[in-house]
1. What is the distance, in nm, between label points placed 7 Å from the Cα along the Cα-to-Cβ direction at residue 7 and at residue 28?
2. Using a Gaussian network model on the chain with a 10 Å cutoff between Cα atoms, which of 116, 40, 101 fluctuates the most?
3. Normalised by the number of residues in the chain, what is the relative contact order in percent for Cα pairs under 8 Å and 6+ residues apart?
4. List residues of segment 10-54, by number, whose backbone nitrogen lies under 13 Å from a label position 7 Å along Cα→C-beta of residue 89.
5. Rank 103, 84, 45 by how far each Cα sits towards the positive end of the charge dipole of the chain (+1 on Lys, Arg Cβ; -1 on Asp, Glu Cβ) and give me just the farthest.
6. Using the crude model of +1 on Lys and Arg Cβ and -1 on Asp and Glu Cβ, and no other charge, please compute the dipole size for the chain relative to its Cα centre, in debye to 20.
7. How large is the Kirkwood hydrodynamic radius of the chain, counting all unique pairs of alpha carbons, in Å?
8. Nearest 500 deg cm²/dmol is fine: what mean residue ellipticity at 222 nm does the chain get from its DSSP H runs of n ≥ 4 alone, each adding -39,500 (n - 2.57), divided by its residue count?
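What follows is calculated from the coordinates using simple rules that are stated; it is not laboratory data. The structure displayed is predicted, hence computed values, not measured ones. Note: ideal-geometry Cβ built from the backbone for every residue, glycine included; neighbour counts use all protein chains shown.
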Amino acid sequence: MSRERQDLGLSGEELAAEHLASRGYKILARRYRTRLGEIDLVAALGGLLVFVEVKARRGGGFGAPAEAVHARKQARIMRVAQLFLLERLPRGEVEPSCRFDVISITWEPGRLAVIDHIEDAFRPSV
């Protein structure tokens, strides 16, 4: 991945974290990494645990950023979320309610970033 794309991703994650914090979310983890993959942001809102995938792009020429969160990516995020819960929850504690969100950020030339926060963007299949 090019340095420019890495910088774009980090800027997007920072903007997404600010967006969440301004709406009362508490950021618990950034770039939570495991051998199975990464979750960009983990946040809490009241008793709800929110796993957030952030997608950032310059311009809309390749479609909406959220379109890149396909089924395979969703499955990977859900597996990593399970590891987060196993690692971070004390033994015997009841698993909190969880939600999977996507925040897409698009920078258009000469304009401020456009943030689209899709709450409950996908769910584990039962």
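1. Inter-label distance under the simple model: 3.3 nm.
2. Its mean-square fluctuation being the largest, the pick is 116.
3. 23 percent
4. 48-50, by backbone N distance to the label point.
5. Going by the Cα projections, it comes out as 84.
6. Using only the charged Cβ atoms, the result is roughly 400 debye.
7. Computed over the chain, the radius equals 15.1 Å.
8. Rounded to the nearest 500, it is -10500 deg cm²/dmol.
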